[in-house]
Every structure is written in structure tokens, then in C-alpha cells.
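Please read the structure below before turning to the comments.
The values are calculated or read from the model by the stated rules, or taken from the named source; none is laboratory data. Note that the coordinates shown come from a computational prediction; the quantities given were computed from them, not determined experimentally. Glycine also receives a Cβ, built like all others from the backbone with ideal geometry; neighbour counts cover every protein chain displayed. Surface areas here come from the heavy atoms of the whole protein model, side chains and all, with no ligands, DNA or RNA. Shrake-Rupley method; radii C 1.70, N 1.55, O 1.52, S 1.80 Å.
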Amino acid sequence: LDLRLRRLHLRAKESLSEQGVHSLFLGFGLLKWYESNDSEVALFSPLMLVPVDLDRRTADAPWTISEYEDDAVPNYSLGQLLKADFDVEMPELPQLSELEAPDARREFLDEVREAVTDFNRWEVFDDVVLNTFSFQKIAMWQDLGENWERIGKHDLCRSIAGDESATAADNIYFL
């Protein structure tokens, strides 16, 4: 256990120092899902991610987990994949203040169960995992979600998306 925790701690530190991305999370709730109806390989994805720190005072002291400065977030990558590949809309993650209510996590997981009810082998587990997750795109998904209207109105973005009216010479400048 000590070796595993040390590896987690080192991977999380490395991610933060080299990429500026926090990667150590407690994942609350797991979705067991399959890439296709005929797939035999079950995939497990966390549903709610709480950033944490893992540390200890000395080499022989016990490890401690503490909440990192950011709020809990949904698994944006999973949400986008489920929407694009399976037309499944994940429920909104409650605000942090609401998540502290006694039954909030269970209610959220029940909403996820309802969202995936059409997939026979898919299951939602009320489990917790501690791991490093390479969700370097979480900040990007948040930014896109918060600014989608501005991005959609930008001529260059519209042009890249194939809107020919946005590619007029007056609108876009190439260097």
C-alpha cells in the first residue's frame, strides 16, 4: 500500500510540475459500460471527480488525503463521449454546497442510472477510487462550456467549422 501511495503521490506531483495540471482525484461513483453491444470488455469510468492532495509529513508518517483547492467536477470527457457515441445526456452535477447534503451523491448516481437505463449491461456503482486521471482537457471543457456562445460567433471558429459566410476576406486575416 505504501508503495502504491508513493507512486500516486509522485505521478500527481510530476503532472502538476511538468504540465501545470492537477491529476489526483477521488472518483465518486463508477459507470460500468461497453463500447458496443457485442463488446465483452467492460470499461469503468468515474462519474464525479474531487481533486485531492496526498501527502505525509515524514517518510514514516501515515499518508493523508486532503481536498485540493478546486471544486468537484463531473467527468467531462465521459460526458462528451456518451453524448457523441450513445446519445446519452449525463445529469448536471449539483453545486458543491448541494453535494454536501446527506443524500446528494446517491441522488446524482440515481440520475445517472436513469440516463443509462436503455443499456442493459451498463451499471452504476456507488464506489470511490483514488487515482491519477489524465483529464488535462477538463479545464478546456469547462472553458468551452462557459464560452460556447462567444466561440460560436467568432469568425475564425465559424470558418473552421465550415461556415462559408465566415470566410469572407473582410472577416478573417491569415498571417
Legend entry - Helix-only [θ]222 nm of the chain, DSSP H runs n ≥ 4, -39500 (n - 2.57) each, per residue, nearest 500: -11500 deg cm²/dmol
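Could you list the GluC sites (Glu not before Pro) in region 1-60 that lie in coil according to DSSP, counting only those with at most 13 other Cβ atoms within 10 Å of their Cβ?
Sites meeting the loop and neighbour criteria: Glu35, Glu40.
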Legend entry - Of Lys83, Lys13, Lys153, the one that fluctuates the most in a GNM where the chain has Cα springs shorter than 10 Å: Lys153
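Can you tell me the relative contact order of region 1-159? Whole percent, Cα pairs under 8 Å, sequence separation 6 or more.
Relative contact order here is 26 percent.
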Inset, instruction - Taking only Cα atoms and a 10 Å spring cutoff, compute GNM fluctuations for the chain and point out the largest among Asp38, Asp103, Asp70. - result: Asp38
Inset, instruction - Just the number, please: carbon plus sulfur as a percent of the accessible area of the chain, 1.4 Å probe, no ligands or DNA/RNA counted. - result: 49
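Let's test the formula: R0 of 30 Å, r as the Cβ-Cβ distance of Gln80 and Arg56. What FRET efficiency results, to the nearest 0.05?
Computed FRET efficiency for Gln80 and Arg56: 0.25.
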